[in-house]
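Coordinate-derived values only; no laboratory data. No experiment lies behind these values; they were computed from the predicted model shown. Note that each Cβ is placed from the backbone with ideal geometry, even for glycine, and that neighbours are counted across all protein chains shown.
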Amino acid sequence: MSYSLAKGTLVTMIGEAVLQDRLIKVLTKLGVSGYTIIPAQGAGSHGRRMGDIAGYNTNVEIKTIVTSDRSDQLFEDLKPLQSTHALIAFRQTVEGVFD
Amino acid sequence: MSYSLAKGTLVTMIGEAVLQDRLIKVLTKLGVSGYTIIPAQGAGSHGRRMGDIAGYNTNVEIKTIVTSDRSDQLFEDLKPLQSTHALIAFRQTVEGVFD
Amino acid sequence: MSYSLAKGTLVTMIGEAVLQDRLIKVLTKLGVSGYTIIPAQGAGSHGRRMGDIAGYNTNVEIKTIVTSDRSDQLFEDLKPLQSTHALIAFRQTVEGVFD
């Protein structure tokens, strides 16, 4: 290939839609300017929330690609939100063109 | 870091929207209570289905994080649906906070 | 397990919604017939574009599973679009049932 691909850490956060602004604030504080937002429906194991309404919760999926170090910090920053809301987050190494 | 991240297997299923309820039944039977549903459009290599309508199919993407063993069982359980419908499924190892 | 899972390369492209038809043309030229399209909102580090409108951009996420070799070619083919538009692309190895 005539160019090299970068390595990055894709972090995916899925939580209650009401968290969207707070998640973006966490990202912005961390200096992350690029992210993707996708509306979703969810069913979670957080029983206390599933009983609130019939059917599914309105969720949001937010993805960003950051360095591995920054993803460590991001997981730390998400902890307060995770203690009070239905919010999962996971990461994977990816290779590609993103900047 | 002051806490450790869990390892899990992210399974993504993408298929015809009409499969949504059946996929959730498969997950529920397997004891999976957390999953995310995202509406999608798809074009597939399953030619017989692509000719049915002009343009794209209405698809659905359903994601869940389970143990590796449970993902084995999930792939088994999807086989009957895959023999009759356009449905792909794939898995990846992820690390994060989800429960 | 009574059957074996295939290995593939999941390529995810996220870009301005206006790129959708061009991205599909790239895929079709490459002989890729199966892909999934999900509408998204995005904020990018491509400052020149973020100033165009208030709030988020309308983005599209297109995913496909191909061979590793074909993903190399796909990244090459995306280069012209990436030089003029906000478009990221990344790949990951996945295991599953898809064809």
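Annotation: for a label point projected 7 angstrom from Cα along Cα→Cβ of C:Ser33, residues of region B:70-93 with backbone N closer than 15 Å are B:86-87. From the cross-link list B:Lys29/B:Lys79; B:Lys63/C:Lys25; A:Lys25/B:Lys7; B:Lys7/C:Lys63; A:Lys63/C:Lys29, which pairs have alpha carbons spaced over 18 Å apart? Exceeds cut-off: B:Lys63/C:Lys25; A:Lys25/B:Lys7; B:Lys7/C:Lys63; A:Lys63/C:Lys29. The Rg/Rh ratio of chain C, with both radii computed over alpha carbons and Rh defined as the Kirkwood radius, is 1.03. Where only DSSP H runs of four or more residues are counted, the protein assembly as shown gives -9500 deg cm²/dmol as its mean residue ellipticity at 222 nm, each run worth -39500 (n - 2.57).
Comparing Cα centroids, region B:7-44 and region B:53-99 end up 5 angstrom apart.
The share of Cα pairs per 10 Å bin across the protein assembly as shown, counted from zero up to the longest distance, runs 6, 28, 37, 24, 5, 0 percent.
Inter-copy label distances for C:Ile24: 2.8, 2.8 nm (label point placed 7 Å from Cα along Cα→Cβ; shortest first). Averaging the sequence gap over all C-alpha pairs within less than 8 Å and six or more residues apart, then dividing by the number of residues, gives region B:6-96 a relative contact order of 53 percent.
The mean number of partner chain beta-carbon atoms within 10 angstrom of a residue's beta-carbon across peptide A:30-37 is 6.
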